[in-house]
Amino acid sequence: MNQNMTVRALTEGAIMAGLTIILILLGNLPLIGMFALLFCSIPITLVTVRHGSFAGALTGTLAIILTVLFLGPLSAIAVGLQYILLGWVMGYMLFKRKSAVKTIHASVIAAAFAALALLFINLGLMGFSPENIAAYLDEYQKEMLTMYETTGMTAMLAQQGMSQTQISDFLVQIINIAIRIMPAMMVVSHGIMAIVTYFITTYILKRLKIRIPRSYGFQNWILPGSFVWALIAVWALWLAGDYISISWMNIVILNLLLVFAALLFLNGLAFSMHVLKFKEMSMGMKVFTAFFVIFFFTGFLVGLILTGLADLLFDFRKLRVDNKKEQKG
């Protein structure tokens, strides 16, 4: 019986590894590529949930080997970090019957690790040489300026009365800011992808009649209490940056603050949906709320970050208290 189950797991793993490489190849297509990439980690998760972490790891390894054969070693490293690791972590958490919140947290951490690892790999390929990195950034800046000219943004700014020199300086400032916060943008984008992938995965698993821990909805999502101390530490380092002239440390702290701001935004959004009972709103109120967000986007963004911070400090929904009671009970 055990041997039959092992053969079944290996057979299913081989099929899922093949499906993974097909989805990865589809990800290179222009129209359906982004949609296909959201499903790349799901086959690994499916095998891990059904047959355990070891079978999932073997499936992921086979998928990486196939990626090496079809796309080369560098693409295989990127695929392994972005999709295989995420699929295995998510499958492991679901296999161990962890809660939805813990599964999402683990998935986001895995996605953030993948983003940072890819960033360091790219820097490593440039030899961590300041000259090579500077040359790459200059080339990136030229490409971005060309893109702005092609998309008509330069002409739009010229119509507002800006001179060519002012336009160039303005666009260069934007590009320099984008370069400085690129690690945070990579971490946030990969984290969002992990969250979206989680909901797609759980939907598919439910359709396949696979039991997974019950999800209590996004409005009951909350940051762990220990997050407060991490936020205080980063904020203290940010204040100390005025007295410590280390350029790279200031960039690291800036990116950490942006990542924490994104997490506080999600916490504030969950709290707002809980208070406003978003699921019970009529369609008219939902449309009105959407228009309000569009017209007052900056205020909405800052307001939710502050709301998320307040909820983190005072636990208005008492979710952490309820979780402790459930664990004791």
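The values are calculated or read from the model by the stated rules, or taken from the named source; none is laboratory data. Source: prediction; values computed, not measured. Glycine also receives a Cβ, built like all others from the backbone with ideal geometry; neighbour counts cover every protein chain displayed.
Quick check on my filter: what residues within the stretch 200-218 are surrounded by fewer than 19 Cβ atoms within 10 Å (Cβ to Cβ), assigned to a helix (DSSP H, G or I) and in contact with a helix residue (DSSP H, G or I) (Cβ under 9 Å, 6 or more places away or on another chain)? ILE200, ILE204, PHE218, listed by residue number.
So that you can scan it fast, the table gives a plain yes or no per residue for (1) part of a helix (DSSP H, G or I); (2) modelled with pLDDT of 85 or more; (3) of a type in the set (Ser, Thr, Tyr):
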residue: GLN166; (1), (2), (3): yes, no, no
residue: VAL172; (1), (2), (3): yes, no, no
residue: HIS190; (1), (2), (3): yes, yes, no
residue: THR197; (1), (2), (3): yes, yes, yes
residue: LEU237; (1), (2), (3): yes, no, no
residue: ILE244; (1), (2), (3): no, no, no
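Taking the stated definitions as given, is ILE24 over 19 Å from TYR198 (Cβ atoms) and touching a Cys at 6+ places or on another chain (Cβ under 6 Å)? Against the criterion (over 19 Å from TYR198 (Cβ atoms) and touching a Cys at 6+ places or on another chain (Cβ under 6 Å)), ILE24 qualifies. Highlighted here are the helices (runs of 4 or more DSSP H) found entirely within the stretch 256-329 that include at least 1 residues which are modelled with pLDDT under 80 and farther than 30 Å from PRO183 by Cα: 283-295, 319-328.
Within the span defined as the stretch 37-53, one or more residues are in a helix (DSSP H, G or I) and over 24 Å from LYS96 (Cβ atoms). Residues in the stretch 23-36 that are surrounded by 15 or more Cβ atoms within 10 Å (Cβ to Cβ) and either assigned to a loop (DSSP other than H, G, I, E, B) or of a type in the set (Val, Ile, Thr) (or both): 2 in all.
Considering MET5, MET16, MET1, the condition of being at pLDDT below 85 and surrounded by 11 or more Cβ atoms within 10 Å (Cβ to Cβ) is satisfied by MET5 alone. Taking every residue in the stretch 17-37 that is farther than 19 Å from THR48 by Cβ and in the same structural domain as GLY80 (by TED's automatic domain parsing) and pairing it with any residue that is part of a loop (DSSP other than H, G, I, E, B) and of a type in the set (A, V, I, L, M), at least 6 positions away or on another chain, the pairs with Cβ-Cβ distances below 9 Å are LEU26/ILE32; ALA36/LEU29.
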